[in-house]
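Take a look at the structure set out below.
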Amino acid sequence: MTDARKSSPGLRLALDYGPLIVFFAVNFLTPGPAIARIIAATGAFMAAMVAALILSWWKTRHIPPMLLVSGALVIVFGGLTIWFQDERFIKMKPTFVYGIFAATLGIGLATGRPLLQMLLESAYPGLTGEGWRKLTRNWALFFVFMAALNEVVWRTTSTDFWVGFKLWGAIPLTLIFAIANVPMLMRHGLQAGDAAATIPPQE
């Protein structure tokens, strides 16, 4: 891939967070009961994810694995949500995303393959093999925790609370966890200038 085909930081942010912003905005702005808002937001979320996939391919001739997996699950579970008019499907989607990534990283640990590097598409120059193993272990456990937490939240709270949890709970938790790993990574060879790359896209 030439430099002209590499995604800029701004494009990466738009692809990773744009669809989520659309989801939250439509849910907030749509009038009516919670079910009407979540159905409208889900439809907008699906459209935004398709747009993100197309934009990624158009700009870079490449679709990041995490974006591809998340996009596919948004379309599947979003379609079920709209077809059955049942918000439970879109609420379950994060559980499947977290579960898939946890299982993928677990397989990588068991087989000694750097699957985390493939998912995040970051080389992390200088990071040692031990650093990769610890980072993979940490993220695998975090994804298991987030899958369980999402299940607890959507099954025991209202739709509005779950949407709020995604915005004010899941995103901050992910960012805090990523930042908390930086000291360990720097002890294992990550350069200070590459520390920002350790923050992954959202589900």
If I filter the range 56-73 down to residues being within 21 Å of F24 (Cα to Cα) and open to solvent by less than 20 Å² (accessible area, probe 1.4 Å), which single residue comes out as modelled with the lowest pLDDT?
M66
Closer than 24 Å to L116 by Cβ, open to solvent by 30 Å² or more (accessible area, probe 1.4 Å) and not charged (D, E, K, R) - does that describe any residue in the range 41-50?
no
When you look at K134, is it buried (at least 19 other Cβ atoms within 10 Å of the Cβ) and part of a helix (DSSP H, G or I), yes or no?
no
When you look at T111, is it among the β-branched types (V, I, T), open to solvent by 40 Å² or more (accessible area, probe 1.4 Å) and closer than 27 Å to P33 by Cβ, yes or no?
no
Identify, from the list W154, W168, the residue that is open to solvent by 30 Å² or more (accessible area, probe 1.4 Å) and at pLDDT 90 or above.
W168
Would you mind telling me which numbered condition in (1) out of contact with any helix residue (DSSP H, G or I) (no Cβ under 9 Å at 6 or more places or on another chain); (2) at pLDDT below 90 P201 fails?
(1)
Quick one: is G79 assigned to a helix (DSSP H, G or I), under 18 Å from Y17 (Cα atoms) and open to solvent by less than 70 Å² (accessible area, probe 1.4 Å)?
no
The one condition G189 fails out of (1) of a type in the set (G, A, S); (2) open to solvent by 20 Å² or more (accessible area, probe 1.4 Å); (3) under 20 Å from F45 (Cα atoms) is (3)
Select from the range 167-183 the residues that are among the β-branched types (V, I, T) and within 15 Å of the chain's Cα centre (by Cα) and write down the one among them that is farthest from A147 (Cα to Cα).
I176
Suppose the filter is more than 17 Å from the chain's Cα centre (by Cα) and not in a helix (DSSP H, G or I); does G108 pass it?
no
Residue under question is L53, and the condition is that it be surrounded by 19 or more Cβ atoms within 10 Å (Cβ to Cβ) and closer than 25 Å to G10 by Cβ; does it hold?
yes
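What is the residue count in the range 83-102 for residues that are open to solvent by less than 40 Å² (accessible area, probe 1.4 Å) and part of a helix (DSSP H, G or I)?
Number satisfying all stated conditions: 10.
The values are calculated or read from the model by the stated rules, or taken from the named source; none is laboratory data. What you are looking at is a predicted structure, and each value in this text was computed from that prediction instead of being measured. Virtual Cβ from ideal backbone geometry, glycine too; neighbours counted across all protein chains shown. Accessible surface areas use protein heavy atoms only, side chains included; no ligands, DNA or RNA. Shrake-Rupley method; radii C 1.70, N 1.55, O 1.52, S 1.80 Å.
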